[in-house]
Amino acid sequence: MNNFEFKNPTKIIFGKDTIAKLESEIPADAKVLLLYGGGSIKKNGIYEQVTKALANVDVIEFGGIPANPEYAVLMNALQIIKDENITYLLAVGGGSVIDGTKFLSAAAVYEGDTPWDILTKTIRTQKGMPFGTVLTLPATGSEMNSGAVITRAETKEKLAMGGPGLFPEFSILDPQVISSIPERQLANGITDAFTHVLEQYMT
């Protein structure tokens with residue numbers, strides 16, 4: 001395997017044992033909110049690798065971001081960002097966790113009263129709170145683009161958002177992580193990736 005790094009504009013850090021590079025990618029004085037989904041990262045060793053790499057960084061955790069990132073859940077995370085004076089976000093997960101983190105990146109600096117307006121009024125984020133990602137399920141491409149889709153159950157809405165300020169600063173892609181993915185999820189990821197490519201071709 002050939003490890004490599006590539007920037008356009010997200011810095012892609014690909015290769016074996018690259019999660020350890022978190023230590024050099026996140027500013028030493030940052031106060032980080034670590035975001036993840038249902039907790040599978042605590043079963044497959046990824047959580048341990050991430051926390052080891054961030055041993056010297058001030059980190060608060062927020063788990064439970066669902067498969068379709070839900071506005072109400074993300075608003076709970078936004079409250080932590082404000083209460084704890086968070087300065088940096090780290091998404092550890094697949095496209096849903098990363099999309100949720102993009103919303104938080106935008107909402108954290110949004111000056112309006114209702115962050116949902118970012119989606120309903122198509123407000124493009126020019127500069128969000130900085131964030132990085134550790135990808136655990138390759139599928140959507142969210143780890144290197146600036147788009148996100150957020151769900152709001154109470155209004156039955158699912159809306160897109162984006163802007164030049166929502167590219168991850170870096171994304172760590174360790175292919176060893178894929179070995180822990182259940183076969184069904186891997187098949188879902190392949191189908192998702194193929195569908196996104198087809199969408200671009202057709203539209």
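The values are calculated or read from the model by the stated rules, or taken from the named source; none is laboratory data. Note that the structure is predicted; figures quoted are calculated from it, not measured. Cβ atoms come from the backbone with ideal geometry, glycine included; neighbour counts cover every protein chain shown.
Could you look through region 39-56, keep only residues that are over 13 Å from A20 (Cα atoms) and surrounded by 14 or more Cβ atoms within 10 Å (Cβ to Cβ), and pick out the one that is farthest from the chain's Cα centre (by Cα)? Let's see the steps before the verdict.
Here is the first cut: in region 39-56, the residues over 13 Å from A20 (Cα atoms) are 39-44.
Narrowing further to those that are surrounded by 14 or more Cβ atoms within 10 Å (Cβ to Cβ): 40-41, 44.
Values: S40: 15, I41: 14, N44: 18 Å.
Among those that are over 13 Å from A20 (Cα atoms) and surrounded by 14 or more Cβ atoms within 10 Å (Cβ to Cβ), it is N44.
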Worksheet item: How many of the residues in region 75-92 are surrounded by fewer than 20 Cβ atoms within 10 Å (Cβ to Cβ) and within 17 Å of P168 (Cβ to Cβ)?
Response: 1
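Please determine whether any residue of region 124-132 is within 14 Å of the chain's Cα centre (by Cα) and either aromatic (F, W, Y) or at pLDDT below 95 (or both). Can you show your working first?
So in region 124-132, the residues within 14 Å of the chain's Cα centre (by Cα) come out as 128-132.
When the remaining residues are screened for being either aromatic (F, W, Y) or at pLDDT below 95 (or both), the result is 131.
Yes - at least one qualifying residue is present in region 124-132.
Working carefully through the options A30, A72, find the one that is touching a Ser or Thr at 6+ places or on another chain (Cβ under 9 Å) and either under 21 Å from G100 (Cα atoms) or not acidic (D, E) (or both).
Among A30, A72, only A30 is touching a Ser or Thr at 6+ places or on another chain (Cβ under 9 Å) and either under 21 Å from G100 (Cα atoms) or not acidic (D, E) (or both).
Based on what the data block shows, is A20 surrounded by 18 or more Cβ atoms within 10 Å (Cβ to Cβ), of a type in the set (A, V, I, L, M, F, W, C), under 14 Å from V134 (Cα atoms) and out of contact with any strand residue (DSSP E or B) (no Cβ under 8 Å at 6 or more places or on another chain)?
Working: surrounded by 18 or more Cβ atoms within 10 Å (Cβ to Cβ): no; of a type in the set (A, V, I, L, M, F, W, C): yes; under 14 Å from V134 (Cα atoms): yes; out of contact with any strand residue (DSSP E or B) (no Cβ under 8 Å at 6 or more places or on another chain): yes.
The answer is no for A20.
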Discussion item. Suppose we keep only residues that are more than 9 Å from T136 (Cα to Cα) and touching a helix residue (DSSP H, G or I) at 6+ places or on another chain (Cβ under 8 Å) within region 181-193. Which one would you say is surrounded by the most Cβ atoms within 10 Å (Cβ to Cβ)?
Written reply: D192
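Tell me the residue from T140, T151, T133 that is surrounded by 14 or more Cβ atoms within 10 Å (Cβ to Cβ), over 19 Å from G39 (Cα atoms) and free of Cβ contacts under 8 Å to residues at least 60 places away in the same chain, please. Spell out the reasoning first.
Working: T151 fails: free of Cβ contacts under 8 Å to residues at least 60 places away in the same chain; T133 fails: over 19 Å from G39 (Cα atoms).
The match here is T140.
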Discussion item. Checking N68 against (1) within 14 Å of the chain's Cα centre (by Cα); (2) under 25 Å from L22 (Cα atoms): exactly one of these is not met. Which one?
Written reply: (2)
